[in-house]
Amino acid sequence: DAIPSADQIRITTSLKSQRGSVWTKNKSIFEYWEVEVTFRVTGRGRIGADGLAIWFTEEQGLEGPVFGAADKWNGVGIFFDSFDNDGKKNNPGVIVVGNNGKLLYDHQNDGSTQALASCQRDFRNKPYPVRVKITYYQKTLTVLINNGFTPDKEDYEFCAKVEDMALPTQGYFGISAATGGLADDHDVLSFLTFQLTEPGKEAPTPDAEIPQKDKEKYQEEFEHFQQELDKKKEEFQKEHPDVQGQPGKTTCAFSLLADDLFETVSDRELRQIFEGQNRIHLEIKQLNRQLDMILDEQRRYVSAVTDEIAKRGAGFPGQQGQVFQQETETLVKNQEEVIRQINEIRNSMADTLRLISGAQHPGSAAGVYETTQHFNDIKEHLHVVKRDIEHLVQRNTPSSEKSKCPDLPPFPSCLSTMHFFIFVAVQTLLFIGYIMYR
């Protein structure tokens, strides 16, 4: 059921009980390899089915029950399963399953009993194409995924890793998909294959270019295939003149279930906003932890410097000025580094906000409530950061005991004034950033 076009291949259309696949014509002879796949899985349903699979097998896959390809394969399949067969609410997910040619895939349990590694990722109905990078190097298979939330093509995150995995030395690459009672469009935009070589080793010389006879043969096959495809399109339009440009007819029973099975455009936008705000929430938590670590490090550093200056000042009054100046320069450099790191955190927060705000759209009252709730959570986290900084300023404010330093006119008293102004500046920058964020 696969339909090729100029810019993509639709492995299956959003119709029930569809199966499709695409395979390489020649075996790959790479010992170590990496593939980058770009695809879209879209559909009007709130849940999809069945899913999409990326293959590396010893033989070309035929049509079958495992996401459109045959069972008992010899190699590995990376399955993007969008339907929850076992009811454990762990789908959509990515599952890595190996096979030696004898294993029957456990479809009813979503392969959980056979999975070598897995991760839960939602790859349906994303604003940008989903990208997957699969690397096989020195018997280690690694799967990275770009979940399609950002236009950054290199925004990959770790998904799964399988060590000590033996795959056939030569095999075919393929990609397949299938639909069941529910359906999605499974579109593949690109499938790039790379050879990996060990450092210090020369890559094997590539084979000679394709002979002219083979080029002509492939061109004739392509043109013949294109003509057959055009004929089928014309025949379909003649046989179904009423389908084009008209909505499909549904029964009353199906229309009653439409609200539960399908989501509207506004529902999808609200869901994407909610997911984006969840990512903002997690990002703010992570930035808050990083800022706490930086401030805690500065507390220890300031305390150690103060104690050291007090000890050296009491033991060596004549050398106190030189030591004091060196410690002052070190502290100033350290505080400048703190300000730079906080500015980077603020810029990261601003970039994340701009990224998500581009996908926002006016929605229902529920969407407004979710938005308000998430920004209230963000506000609370920023208040925690502000309290930590205020506590740090109070801790470093000169007390009555610290003010009784030896009277040395050329030098300030115990660094307290400099600390005060630096932390006031940091607090001011954070407050301005918080106001702009709101």
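The values are calculated or read from the model by the stated rules, or taken from the named source; none is laboratory data. Because the structure is predicted, anything quoted here is derived from the model rather than measured. Because the Cβ atoms are built from the backbone with ideal geometry, glycine has one as well, and the counts that use them run over all protein chains shown. Accessible surface is based on the protein model in full, side chains and every heavy atom, while ligands, DNA and RNA are left aside. Shrake-Rupley method; radii C 1.70, N 1.55, O 1.52, S 1.80 Å.
Below are the figures for this structure:
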| read-out | value |
| --- | --- |
| Residue match in the range 297-318 (condition: open to solvent by less than 80 Å² (accessible area, probe 1.4 Å), within 36 Å of the chain's Cα centre (by Cα) and at pLDDT 80 or above) | no |
| Test result for residue 289, assigned to a helix (DSSP H, G or I), open to solvent by 70 Å² or more (accessible area, probe 1.4 Å) and either at pLDDT below 80 or not assigned by the TED database to the domain that holds residue 125 (or both) | yes |
| 1 or more residues within 28 Å of residue 29 (Cβ to Cβ) and in contact with a Phe, Trp or Tyr (Cβ under 7 Å, 6 or more places away or on another chain): qualifying strands (runs of 3 or more DSSP E) within the range 87-195 | 93-100, 130-137, 140-146, 172-178 |
| Top-ranked residue of the range 109-136 - restricted to ones that are hydroxyl-bearing (Ser, Thr, Tyr) and surrounded by 20 or more Cβ atoms within 10 Å (Cβ to Cβ), ranked as nearest to residue 272 (Cα to Cα) | 118 |
| Residue ID - most open to solvent (accessible area, probe 1.4 Å), chosen from residues in the range 13-37 that are more than 19 Å from residue 53 (Cβ to Cβ) and of a type in the set (Phe, Trp, Tyr) | 30 |
| Residue 52, sole failed condition from (1) in a strand (DSSP E or B); (2) open to solvent by 20 Å² or more (accessible area, probe 1.4 Å) | (2) |
| Where residue 146 falls short, out of the listed (1) of a type outside the set (Ser, Thr, Tyr); (2) exposed (fewer than 15 other Cβ atoms within 10 Å of the Cβ); (3) without any contact (Cβ under 8 Å) to a residue 24 or more places away in the chain; (4) closer than 29 Å to residue 68 by Cβ | (2) |
| Filtered residues of the range 70-85 (kept if open to solvent by less than 10 Å² (accessible area, probe 1.4 Å) and out of contact with any Leu (no Cβ under 7 Å at 6 or more places or on another chain)) | 77, 78, 79, 81, 82 |
| Selection from the range 43-60 of residues that are among the polar types (S, T, N, Q) and modelled with pLDDT under 90 | 60 |
| Condition check for residue 167: in contact (Cβ under 8 Å) with a residue 24 or more places away in the chain, open to solvent by 50 Å² or more (accessible area, probe 1.4 Å), hydrophobic (A, V, I, L, M, F, W, C) and in the same structural domain as residue 18 (by the TED database) | no |
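One line per residue, one yes/no per condition, for (1) closer than 24 Å to residue 149 by Cβ; (2) over 23 Å from the mean Cα position of the chain (by Cα):
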| position | (1), (2) |
| --- | --- |
| 43 | yes, no |
| 49 | yes, no |
| 64 | no, yes |
| 69 | no, yes |
| 112 | no, no |
